[in-house]
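A short write-up of the structure that comes next.
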Amino acid sequence: MAKEKREEIQFPSLDELFSSQEEREDAKLKRIYEIPLTEIDPFPDHPFKVRDDEDMMNLVESVRINGIITPATVRKKEDGRYELLSGHRRKRACELAGLPTLRCDIVEMDRDEATVFMVESNFQRTTILPSEKAFAYKMRLEAMNRQGKRTDLTSTPLVSKFRSSEELGKGTGESREQVRRYIRLTELIPELLEMVDEGNIAFRPAVELSYIPKEIQEDIFNCIDMEQCTPTHSQAIRMRKMAAESKLTPESIEAVMLEEKPNQKERIVFRGDRIAKLFPRDLPLSKREDFVAAAMEHYNRFLQRKARDQER
């Protein structure tokens, strides 16, 4: 005679027996805490920049009037302090507004889960710089690779990395190849990467330059700074190939960069230190053209006044 199969009976816990439905539902809700700013640390190597610009000043004013409407997200660390996952701009706004605490939601996550969450939450910003995307993609891909590690012999690092980058591309709406290109930007020296953020170097040429050793990238930046010209995609490809063949020198860089480009307009090149020393030291490269134009306009008005005075 076959044994009868008995169904396991699930008994409620003591907490469920002696609590009301309202209390049980309330326990499921997120808890929002006012955490002192002094106890909150930024996310390590946070790739998104927090600037004290006009948008920040508007946020500060809003915080002063309305407080923090959307809570930040933190996780508790082993030392009892908190690590900020999302809300770095809100935290800075509270500091500038003179508020002592930040409204936060506390979550439980390990390092890799926290990294993925941090990147995803910050990608909701309206403006994201290429450098921010680059380092954010890199951090998230590394976290995804660690989360997807397999112990069986059928998985190889190459396959794992391919699948992770493809999955990351689907999640961000970009192709796997485009994600790879962004991550390549992390290999640029800071000066060139800043030019990409400012729009002075196009994306695809910048990707090609990232394959060139950093010490030679310094020479490329110096040439850009001196000659006030940037490489086209084809020029960047050629310089990458020359670098791989150990043929890229400061002289060859200048020869490539000064080639006449298609549809290039006539330009004036200021050589040497004669003009460079006249710029303020803290003036960004992207602002030098405006500085020269303003100086010429001022000098032109001076000449016009001088001519009128001579006619009298």
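The values are calculated or read from the model by the stated rules, or taken from the named source; none is laboratory data. As the structure is a prediction and not an experimental result, all values here were calculated from the model. A quick note on method: Cβ atoms are made from the backbone with ideal geometry, for glycine too, and the neighbour counts reach across all protein chains shown. Heads up: the accessible areas ignore ligands, DNA and RNA and are worked out on the full protein's heavy atoms, side chains in. Shrake-Rupley method; radii C 1.70, N 1.55, O 1.52, S 1.80 Å.
Summary of values
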quantity: Matching residues in region 63-97 - criterion: being without any contact (Cβ under 8 Å) to a residue 24 or more places away in the chain and open to solvent by 40 Å² or more (accessible area, probe 1.4 Å); calculated: 65, 66, 69, 70, 78, 79
quantity: Residues located in region 36-48, provided they are open to solvent by 90 Å² or more (accessible area, probe 1.4 Å) and over 16 Å from residue 113 (Cα atoms); calculated: 38
quantity: Verdict on residue 182 being under 15 Å from the mean Cα position of the chain (by Cα), at negative phi and either open to solvent by less than 60 Å² (accessible area, probe 1.4 Å) or free of Cβ contacts under 8 Å to residues at least 60 places away in the same chain (or both); calculated: yes
quantity: Matching residues in region 190-231 - criterion: being assigned to a loop (DSSP other than H, G, I, E, B) and open to solvent by less than 30 Å² (accessible area, probe 1.4 Å); calculated: 201, 210, 212, 229, 231
quantity: Residue 103 charged (D, E, K, R), modelled with pLDDT of 85 or more and more than 26 Å from residue 194 (Cα to Cα); calculated: yes
quantity: Counted residues, region 11-64 - those being assigned to a helix (DSSP H, G or I) and modelled with pLDDT of 90 or more; calculated: 12
